[in-house]
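Remarks on the structure that follows.
The values are calculated or read from the model by the stated rules, or taken from the named source; none is laboratory data. These numbers come from a predicted model, not from an experiment. Methodologically, a virtual Cβ is constructed for each residue, glycine included, from the backbone with ideal geometry; neighbour enumeration extends over all protein chains shown. With ligands, DNA and RNA removed, areas are computed over all heavy atoms of the protein, side chains included. Shrake-Rupley method; radii C 1.70, N 1.55, O 1.52, S 1.80 Å.
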Amino acid sequence: MEVLQNQSISLLDQIAVLEKENAFLKAHQVDIIRAKELYLKIFEDFPALIWRANTEKACDYFNRTWLEFTGRTMEQEYGYGWAEYVHPDDLKPCVDTYIASFDKREPFDMEYRLKNKEGEYRWIRDYGRPFYDLDNSFAGYIGSCYDFTDSKINELKLKELNDAKNRLFETIGHDLHNPFHSILGLSELLMLNINSYSQEKSTDLSKKIFNSTLSAYKLLENLLEWAKLQSNNIAFSPKKFDVGNSILETKEFVNITAATKNIRLNINISNIIVFADQNMVNTIIRNLISNAIKYTPCGGEINVTANTIDDIVIVMVQDNGVGMSDEIKNKLFNLQLHPSAKGTNDEKGTGLGLIICKEFVKMNKGDLWVKSELNKGSQFFFSLPLGQG
Amino acid sequence: MNSIHRKTIMLIDDSSTNNFLHKSILVEEGFNVIIFYDGASALAKLNHFIPDLIVLDLLMPGMDGFKFLEKKKQLKLAMQIPVLILTAKHNSESELLAKKLGVVDYLIKPVGVKYFVNKIQDALEKSTAINA
């Protein structure tokens with residue numbers, strides 16, 4: 001009897017222990033489930049687009065951030081469904097990288113455009129890594145993607161600017177070699193034949209040497225100004241001065257070129273005091289008048305006038321030259337589009353001068369604009385603040 | 001040099017100053033010179049006129065030097081005319097492409113008068129040797 005009693009106590013104890021263990025396990029099972037749910041929620045809410053692929057390369061999970069980005073369901077994205085929203089131009093390199101990395105079990109990172117729910121393609125950087133389960137067996141790939149559209153756009157813009165700069169340097173190199181080829185060749189020819197050439201031929205050669213030198217000098221001067229602008233290394237010292245005087249000083253500089261083309265240069269400006277950087281204004285005027293001479297045929301006419309309106313002065317440089325089509329006019333102040341054309345007497349140019357003028361006018365709180373008609377001529381205007389008081 | 005035996009050189013350059021310079025040098029040396037300012041009009045002339053040598057610029061508006069070389073290869077009469085490039089385009093890719101298109105020499109501006117004349121004579125001698 002005593003034995004039976006002892007056995008039943010022992011069983012009761014064991015049941016109690018088992019019940020305790022059961023309660024403990026139940027409590028922990030809940031904890032495990034909660035922990036699993038928590039980690040899943042972290043994945044779901046993670047501020048990156050997360051995907052997972054099985055060992056057969058087919059995607060079997062996308063987090064909520066991904067699905068909210070594309071506006072599609074998990075079912076639509078499963079397998080290779082996600083590829084439907086990759087930009088057609090990026091699809092092949094994207095799939096090739098994915099498959100090649102997968103086959104080698106190597107991590108990858110790649111860029112591609114992925115369409116969002118608004119239908120806009122966004123630049124995505126996708127980092128994929130192989131992942132292994134608890135037994136260390138290959139279980140597929142996991143990846144996280146980040147939208148880096150803003151920095152990609154900046155990178156593309158930078159590349160575009162850099163390409164434009166390289167193109168510009170190539171053009172400048174070409175346009176500098178050409179006048180120097182003429183200068184060196186013509187002066188050598190003159191030197192070798194100085195005793196046998198007629199006065200007329202020597203004068204002709206000298207004129208050509210002069211024009212080529214001037215062309216190279218103008219290009220060089222603009223190039224240096226542009227370089228200073230690019231490096232923010234340009235002195236800006238506004239002061240009050242008579243813009244009419246600046247124009248008359250420029251006339252001295254450009255008169256010889258105008259005379260070689262028999263172009264009449266009329267300057268009609270009374271005393272107008274502006275508040276601006278005088279060197280910059282001189283560069284603007286010199287470029288605009290030089291351009292007018294360049295694109296006006298022999299015997300043409302250039303008028304320079306100025307009008308005051310309220311607290312600004314508007315200077316106009318008008319020619320009756322070859323003018324411009326709307327297409328050229330629209331590209332005029334864009335270095336990337338580079339619309340430089342030859343002058344009526346074969347004068348070269350890079351299009352740099354007008355870009356410098358536009359920047360200089362802007363720095364002086366003014367504006368620069370153009371009216372032009374093909375085969376009729378052009379009118380360039382720029383405004384400056386008046387130096388009141 | 002007797003005018004009947006004078007060699008004729010076709011100059012193609014969009015710069016009138018360069019054409020003036022090259023013509024002045026070559027006329028002094030006793031060559032006949034014919035000038036064109038663009039590739040298309042020079043090509044039209046080659047349908048019925050065969051110069052002894054072409055001196056060609058590369059960067060020209062409209063038809064550039066490379067296009068000219070490609071088109072010239074298709075002309076039965078003109079395909080054998082030697083071409084010497086005289087350009088401010090200073091890069092090895094352009095030189096390689098021009099040589100692939102069959103030019104006899106590639107000169108980069110600026111070039112001196114005597115050097116230019118020597119190169120013209122070399123090009124003419126080379127082409128005479130090939131055609132002999």
**Fill in**
From the option list A:Thr250, A:Thr257, single residue qualifying as within 29 Å of A:Phe169 (Cα to Cα), free of Cβ contacts under 8 Å to residues at least 40 places away in the same chain and β-branched (Val, Ile, Thr) is A:Thr250
**Asked** Looking at (1) open to solvent by 10 Å² or more (accessible area, probe 1.4 Å); (2) under 30 Å from B:Ser92 (Cβ atoms), can you tell me which one B:His48 breaks?
**Response** (2)
**Message:** Just to be sure I understand, how many residues within region A:171-197 are more than 7 Å from every other protein chain (Cβ to nearest Cβ) and in contact with a Lys or Arg (Cβ under 8 Å, 6 or more places away or on another chain)?
**Reply:** 2
**Single condition A:Ala100 does not satisfy, out of (1) open to solvent by 60 Å² or more (accessible area, probe 1.4 Å); (2) aliphatic (A, V, I, L, M); (3) closer than 15 Å to A:Arg129 by Cα** = (1)
**Asked** Which pairs have Cβ atoms under 7 Å, sit 6 or more apart or on different chains, and link a residue in region B:6-33 that is more than 11 Å from every other protein chain (Cβ to nearest Cβ) and closer than 22 Å to B:Gly62 by Cα to one that is open to solvent by 20 Å² or more (accessible area, probe 1.4 Å) and in a helix (DSSP H, G or I)?
**Response** B:Leu11/B:Lys23
**Asked** Across region A:236-266, which residue is surrounded by the most Cβ atoms within 10 Å (Cβ to Cβ) among those that are among the basic types (Lys, Arg) and over 16 Å from A:Phe210 (Cβ atoms)?
**Response** A:Lys251
**Item:** Subset of region A:71-90 (residues that are under 29 Å from A:Lys104 (Cα atoms) and buried (at least 17 other Cβ atoms within 10 Å of the Cβ))
**Value:** A:Glu77, A:Gly81, A:Trp82, A:Tyr85, A:Val86, A:Asp90
**Asked** Does region A:26-45 contain any residue that is open to solvent by 50 Å² or more (accessible area, probe 1.4 Å) and under 34 Å from the mean Cα position of the chain (by Cα)?
**Response** no
**Long-range neighbours under 6 Å by Cβ, at least six apart or interchain, first residue of a type in the set (Val, Ile, Thr) within region B:55-68, second surrounded by fewer than 24 Cβ atoms within 10 Å (Cβ to Cβ) and not in a helix (DSSP H, G or I)** = B:Val55/B:Leu84
**Residues that are of a type in the set (Ser, Thr, Tyr) and facing chain B (nearest Cβ under 10 Å), drawn from region A:198-226** = A:Ser212, A:Ser215
**Test: A:Glu37 is modelled with pLDDT under 95 and in a loop (DSSP other than H, G, I, E, B)** = no
**Item:** B:Gly112 at pLDDT 90 or above and more than 22 Å from B:Gly30 (Cα to Cα)
**Value:** no
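Listed residues A:Ile15, A:Ile50, A:Ile42; which is assigned to a helix (DSSP H, G or I), within 30 Å of A:Asn136 (Cα to Cα) and either touching a Ser or Thr at 6+ places or on another chain (Cβ under 9 Å) or among the β-branched types (Val, Ile, Thr) (or both)?
Step by step, each of A:Ile15, A:Ile50, A:Ile42 is checked, and only A:Ile42 is assigned to a helix (DSSP H, G or I), within 30 Å of A:Asn136 (Cα to Cα) and either touching a Ser or Thr at 6+ places or on another chain (Cβ under 9 Å) or among the β-branched types (Val, Ile, Thr) (or both).
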**Request:** Just name the residue that is nearest to the other protein chains (Cβ to nearest Cβ) out of those in region B:87-107 that are open to solvent by less than 30 Å² (accessible area, probe 1.4 Å) and closer than 23 Å to B:Asn32 by Cα.
**Result:** B:Thr87
**Prompt:** Among the residues of region B:108-121, is any under 21 Å from A:His181 (Cβ atoms), touching a residue at least 12 places away in the same chain (Cβ under 8 Å) and away from every other protein chain (no Cβ under 14 Å)?
**Reply:** no
**Request:** Give me the pairs, please: first residue somewhere in region A:274-286 and within 11 Å of A:Ser237 (Cα to Cα), second residue anywhere and in a helix (DSSP H, G or I), beta-carbon distance under 6 Å, and either six or more positions apart or on two chains.
**Result:** A:Met280/A:Phe360
